[in-house]
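None of the figures in this text is laboratory data; all of them are computed from the coordinates on show. Please read all numbers here as calculations on a predicted model, not as lab measurements. Cβ placement follows ideal geometry from the backbone for every residue including glycine, while neighbour counts extend to all protein chains displayed.
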Ligand code: AMP
Ligand code: MG
């Protein structure tokens with residue numbers, strides 16, 4: 001299959017919307033990461049998304065809407081808290097898990113009685129949805145690889161496997177949306193993302209954090225967010241997540257033979273091993289923005305082991321930590 005390259009202008013948006021309405025699968029830019037979109041009500045189109053990504057079919061997809069008026073078609077028994085969160089954080093990187101209606105294709109929800117919904121803020125994503133239909137869209141990467149934050153990442157993984165890609169800019173948030181379930185009491189944070197737990201607590205004071213955010217699920221355990229149980233974001237090279245101060249990290253890594261480091265920019269000049277910085281340690285937003293592009297380059301070092309300096313687990317840092325602990329297959333070194 002020839003993957004069409006579409007520009008992120010009115011013509012490209014029109015073509016993307018036409019392909020999607022006709023059951024096509026198209027990668028589109030959003031503020032979080034690039035998404036691989038399909039009509040959320042078209043079972044056959046959704047199955048093509050799973051196939052192109054090699055995504056396990058028990059891992060449900062997020063449905064993207066452009067207007068709040070689209071929500072009651074997809075979800076039912078919508079609590080007031082959903083509207084309070086929508087008012088505060090939509091459009092933006094927050095996904096709400098709610099009881100689903102029959103309009104949602106079964107395979108979108110992977111057999112669950114809930115649906116995950118979000119309203120992206122990216123103008124191109126919004127215009128494509130407005131010109132087509134609600135779109136189910138997981139990240140536009142091969143399952144298991146780091147999520148794509150640039151159109152080039154999408155083409156690297158999916159060129160020839162999807163109908164088109166809309167060539168937008170680099171994603172501004174850089175990590176996927178925050179996923180909160182309002183289908184359980186108390187509300188539960190299933191995946192940290194661009195909206196922090198601290199921000200959510202301003203609206204949801206009783207929010208609890210799911211175990212799977214920072215801990216490896218037991219084999220065969222039923223996890224609230226199926227995506228959390230899979231190997232994710234991982235370079236081929238063995239990675240370790242290292243917790244400690246800048247001084248400790250520099251000391252530790254410089255004494256290791258045949259390794260490379262993924263470090264904060266403040267540390268780069270003092271490392272004697274090959275290294276790549278993924279932003280200032282003092283800015284979780286910057287680390288989030290650069291994280292996946294850095295993980296995609298990690299294998300270029302050609303070393304046996306990579307040591308990654310862990311961010312603080314506060315604010316958007318919790319989302320970065322959550323992705324890195326999976327990239328490192330839960331191998332954490334505390335200095
Ligand atoms: P991705 O689109 O690749 O970022 O993955 C979507 C994430 O949302 C995965 O971690 C899913 O497990 C999660 N998700 C989607 N739908 C639901 C749902 N109905 N209930 C719980 N988690 C969901
Ligand atoms: Mg994904």
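Laid out as a table, the results:
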quantity	calculated
Full-extension gain in nm, residue 201 to residue 101, via 0.36 nm per residue minus C-alpha separation	33.2 nm
Rounded tilt (10° steps) of 43-53 against the dominant C-alpha axis of the chain	20
Cα long-axis angle, helix 80-89 against the chain (0 to 90 degrees, to the nearest 10)	60
Per principal axis, descending, Cα span of the stretch 277-335 in whole Å	32, 23, 18
Spatial separation of Cα centroids for the stretch 317-335 and the stretch 1-39, in angstrom	32
Span per principal axis, largest first, for the Cα atoms of the chain (Å)	57, 48, 35
With Cα atoms, 0 to 90° folded angle of helix 10-21 axis to the chain main axis	70
Sequence of 249, 240 once ranked by neighbouring C-beta atoms within 10 Å, starting from the fewest	240, 249
The chain - mean residue ellipticity at 222 nm from DSSP helices (-39,500 (n - 2.57) per run, n ≥ 4, rounded to 500)	-8000 deg cm²/dmol
Stretch gain in nm, segment residue 184-residue 21, where the contour uses 0.36 nm per residue and the Cα spacing is subtracted	55.4 nm
Anisotropy class of the stretch 31-142 from Cα gyration tensor, a/c 1.5 cut	oblate
Pairwise centroid distance, computed over Cα atoms, of the stretch 182-211 with the stretch 50-92, Å	15
